[in-house]
Each structure stands twice: as C-alpha cells, then as structure tokens.
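Let me begin by presenting the structure, written as structure tokens, before commenting on it.
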Amino acid sequence: MRDSQIIYTEQLTKYYGRIAGVKEISFEVNRGEIFGFLGPNGAGKTTTIRLLLDLLRPTSGKIVIFGKDVKSNSFEIRQKCGYLPGNFSAYGNLTGKEFLNLLADLRKVPRYIEPGLLDRFGLANGDLKRKIKHLSHGTLQKLGIIQAFFHRPELLILDEPTTGLDPLMQEEFYDLLHKYQNMGCTTFFSSHNLSEVEKVCHRLAIIRKGEIVAIESIEDMKKKLYRKLELTLRKPLDRFELPGARIIKKQGLKYEFIVTGRKDTLLKSLADLPLEDFVFPRPDLEEVFMNYYRDQRDD
Amino acid sequence: MIRLSYWHLIWKNNRGFAIFSMGFITLLQFLILYLISTADTSSIITAIIEQLPEKLRIFLNDSFFNTLSFQGAAAFGFNHPLVLALLAINAINIPLHHITREMESGTLELLLAHPFKRHSFIISLWVSGCLILFTIILAALIGSLSAIAIFHHLSQEIITKMMQISFNQWLLFILIMSYTMIITTFGEKGNKTGNISAVLTLIFYLLHFLSQLWESIAFIKPFNIFTYYEPQKLMFNHGNFLTDISILSSLILVCLFISLWQFGRRDIS
C-alpha cells in the first residue's frame, strides 16, 4: 500500500448468511481523487460503504483508510470522514440547527457552519429552525450534504448524494465537490447515475452482483468503449452484415451496430454499400455501462 | 464516554411520554393516599375480604391488608399495575426506539458513522434511560411524600422507607430496560423486539402472582425479577432491601455487559 492511497481494500468479502453482499473486492482510492463507485441497485455499493465505515464487519479481507486498519482504528478514521448515506434521514424531533449541533458535538468541533455552505444550497436560518420532520425531501438532502461537509473532512464518503436535488442544486453540489477536492479532500462517490460520475469523477469502479468488474479512469473507460455505428441505406439489401460489427437495432432502412472488430476493415465494407448516411456517435458512459453488462451476460 | 448532546437527543425523543408518566403516576400516588386518608375504606375492604375464600385472602395479604393502613397505601401506590405498566413502557421503549427503530430508519447508521464509539453509544443510552426512569420515579416519590405530609405525618422513618422502595423500583425498571437492550442488540425488527420484551415482562409479572397462589410453582420465585421488588414488605420491615438491590444490580450489570458485547460485534445496517 502506498502513502498516497487514502482507501485500500484487499479481497474484501461480506456475506449476509449465505448471500454475498460483496465478494473479494479490491480497490484503492488515491489522495485528492474523486473516485466513482458505480453499479445498479443491489450491486453492493452501500455494503461496501458500510464496510469502509466499520458499520458492517467483513467476513474476510482487509480495509485500510489513512494508512490504518479500519477494524482497530475506526474511531480515528471516522473523525476525518464526512458521510452522506443513501436515503438520508435524521431525527424528526430536532430542528436542522439542533441536528447539526449534535453532530458537531459528537465530532468535538465548533458549532459553526460556514455561511457560504448554507447560501450555496439556499438554506436560510429559517429552514434550520424548522423541525426536520417538516422539511421537504430536497431540503432534507441539502441538510444531509451540509452535515457531511461542514467539518471539512479529509475523506468524503457519499452514497447517491444527488438524490432529490433539482438540476441547479446538483450543479452546486458538483461545484462544492470540486472545491473540496482542490482543498485536498478525497471523495468516494457511489452512484448509479453514470452521467454524474462521468462529470465529477477521475476514476471509477464498476460493481456488479457484489464483484468489481472494472476499475479504470474515466478516459480509459471511454476509450475501451465499443463504438456505435448508425447508418441508413438507400435501398434494402437481401442479406446485410458487416464484418466486425453486430446489429443491435433495425428500423426500416436504419441500422444501429456495435463495432466489435477492426475499424479499417469496417470502413472498407461500408464503401461497397448503398449508403444514404452514416455516423459514429460519441459514446457516453451509459453506453459503456450497458455494453459492459451486456458483455458480462454474454460471457 | 457519556455524550451530553446525545442525552439531550434521547430526552427530546422521550420526554412526551416521560412527562405524561411523571404527571400520571404522581397524581395516582397522591390520590391513593388522599382516598385512604379521607374515607373509611378499611372497614369496607375488611368486610369484603372476610367473605373471600381463605386461599384468595392469603394471596391478597400483601397487596390489600397492608393497603388498609396509610403506610400500606403509600407502598401500594408504588406497586399499582398502572404505575408498573407505565414504567415498563418507558423502560422498554427507550432502547427499542434508539436501537432497533433507529436502525430501521437509518439514523443509527449516520450516528455511528460519526466518531461515536459503540460502547459509548450503549452506555450513553443506558445512562440516559436510567435518568429518565429516575425522574419518573422521583416524581412519584415526591407525589407520595407530599400527600403523606399533607394528610398524615411525615417522619424520617417513612421517608427512608419510601426512598428504599423507590430505589428498589428504579432498579427493577433499569433491569427491564437492560434486558430489553440485550433483545434489541440481538434483534432486527423493531416491533418484534418490543413485543418479546413486553411479553417477557408480562410473563414475569404473572408468574410472580401465580407462584404466590400455588405452592407447586413456588420454586420459581427466586428466578423471577418481581420477587426482588417488594414495596409492601419493605414498608413493614419484612423485606430484605440489601439482598433485593444486590440481586437486581448484579442482573443489570450482566445485561449491560451482554449488550455492550453484542452491540460491539453486530452489523449496523
């Protein structure tokens, strides 16, 4: 394990009875990095986060955060962590202010919230004086974000952080994340929203059925993508196939392919076709994700 | 180790029912003593009891014959089923709410993701629960002593006895809270763990009466927590205060240690 690694896991496994939550997952998150953790619901994202925070005890494997073993140093580690759970909920009987005061007391930090942090999310003092049970879902989520950030953590662990935020607030959140990153904060960002991971993360791990299927930088991930080809023929063909490409959709004379082979061979084949139009659309991460899953299924 | 801010949270979450219990129990204690002092209930109750079969009369000895006196009534106030029920609800609800229900709602996960050690959490919760039960019982004690001072004569002896009874009662309900804590640290679903604890307490209570009625099951008395809570006997110097509090305290400590051990090793999800 290197000094620059803030989170390091090795062969981490968690079983709930006979069901595996996560199986032998290994990854590391570097200092100052925003690390995306991508997977559909039930893939094992929340289990991994709870293991990192010592809320769940692993069946086997190793977790080291800030160079310390989580099992024996969880208190010290949690002092430096900000955590936003998925489906954030708080004590309904407390006001927002009382809730933040409680968390500040638990952390033994001053009961002070940077005004800029509240302004960014449009939270006025009036909102913080209202009981949490009377807050809307969006406002509650903003309160969740503030409680994770207000004590300036060295490591942020965020589980689906933009749930319930409108697009404007999502942008504010991404901006805040980058601001903290510039201050040296490391972020573990769990999401099933591929576009936001693409937007904010440097690297990502894809988790599926409790197993990590890929860990790569966003750029590398895109490079590895199966390119898509969309073409329209001028006239129908009896038997239409392209070498190094697989049809995924056909609508009249319009075809959509996934390019699986050499592009030069493909281009040569295209030259012989009665083409009306063709385009290689720029892939987004959604397609990487879907293609990756398709591949896994095919295997 | 004990977090005051967490105590504040627990008090805020439980104060509604705790204050209601304080008011209700204080009023009940006061009323019982008021009735005894203003009406000639003893001749009425004696006449009724003389008509009862002998076995039932033996059973009622502790709870009724002693009630005929002012001191007996003061002790009976601490053993009234409504008082016991309200205290039991408080004792069961505190760990149930703050462990199992908060685990279900996700707030416990958030709390323990902060620098809050699991054993600090359990001890803070336990101490807070003890304090809430203490305030309720203290209110009952004040209600009783006030009534005695108004309608009778408040002596040092009766103050001491009432304090012994209150302390004995406090320990009994701390024990109920402590074994509920064990059940909640092992349990998953809120209602289920609450029901288990309530049923267990009810079984103890019923067996306590049944073992007084039937000799054949009298051997279970030492295994029943209510055997070590004896307000009437304490009031009339028939009880064994030190034995009672020693046994209850030991059981409480055992329950607390099991809760600490189990909560420290379990998953929070």
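Quick notes on this structure:
- Residue exposure sequence - B:Met163, B:Met181 - by fewest surrounding Cβ within 10 Å: B:Met163, B:Met181
- Gyration tensor (alpha-carbon) shape descriptor, the protein assembly as shown, a/c threshold 1.5: prolate
- An oblate overall shape is assigned to the range B:176-257, the ratio a/c of its alpha-carbon gyration tensor axes (a ≥ b ≥ c) being 1.5 or greater and a/b not exceeding b/c.
- Kirkwood radius and radius of gyration were both taken over the C-alpha atoms of chain A, and their ratio Rg/Rh is 1.07.
- Translational diffusion coefficient (Stokes-Einstein; Kirkwood radius from C-alpha pairs) of the range B:129-170 at 4 °C, 1.567 mPa s, in µm²/s: 123 µm²/s
- Residue exposure sequence - A:His137, B:His97 - by fewest surrounding Cβ within 10 Å: A:His137, B:His97
- Packing-based exposure ordering (other Cβ within 10 Å, fewest first) of A:Glu114, A:Glu172: A:Glu114, A:Glu172
- Of B:Ala75, B:Ala147, B:Ala39, the residue with the greatest mean-square motion in the GNM of chain B, using alpha carbon springs below 10 Å, is B:Ala39.
- Candidates per chymotrypsin sites (Phe, Trp or Tyr not before Pro) in the range A:90-189, loop by DSSP, up to 16 other Cβ within 10 Å: A:Tyr112
- A simple rule links phi to the HN-Hα coupling: the Karplus curve 6.51 cos²θ - 1.76 cosθ + 1.60 with θ = phi - 60°, which for the range A:260-272 gives 10, x, 6, 6, 5, 4, 5, 4, 4, 5, 5, 4, 8 Hz, with x for Gly and Pro.
- For the range B:123-224, the list of GluC sites (Glu not before Pro) that fall in a loop by DSSP and count at most 16 other C-beta atoms within 10 angstrom reads B:Glu188.
- Scaled radius of gyration (Cα, divided by 2.2 N^0.38 Å) that chain B gives: 1.08
- Cα gyration tensor shape for the range A:1-116, rounded if a/c is under 1.5, else prolate or oblate: prolate
- Principal-axis tilt of helix A:285-298 within chain A, Cα atoms, nearest 10 degrees: 70 degrees
- Phi angles of the range A:193-210 translate, via the Karplus equation with coefficients 6.51, -1.76, 1.60 and θ = phi - 60°, into HN-Hα couplings of 9, 5, 5, 6, 5, 4, 6, 10, 9, 8, 10, 8, 10, 9, 10, 9, 6, x Hz per residue; Gly and Pro are given as x.
- Shielding value for B:104-111 is 6, the average number of Cβ atoms from other chains within 10 Å of each residue's Cβ.
- Of the trypsin sites (Lys or Arg not before Pro) found in the range A:25-129, those that fall in a DSSP loop while having at most 11 other beta-carbon atoms within 10 Å are A:Lys108.
- For chain B, modelled as a GNM whose springs connect Cα atoms under 10 angstrom apart, the maximal fluctuation among B:Asn224, B:Asn237, B:Asn168 occurs at B:Asn237.
- Applied to the range A:72-78, the Karplus parametrisation 6.51 cos²θ - 1.76 cosθ + 1.60 on θ = phi - 60° returns per-residue 3J(HN,Hα) values of 9, 10, 4, 4, 4, 5, 5 Hz, with x for Gly and Pro.
- Between A:Leu156 and A:Gly82, A:Thr186, A:Thr187, A:Phe188, the built amide H atoms are under 5 Å apart, and every one of these is 5 or more places off in sequence or on another chain.
Only the coordinates and a few stated rules stand behind these numbers; no lab work does. Note that the structure is a prediction, hence the values are computed from the model and not measured. Note that we place each Cβ from the backbone using ideal geometry, even for glycine, and neighbour counts take in every protein chain shown.
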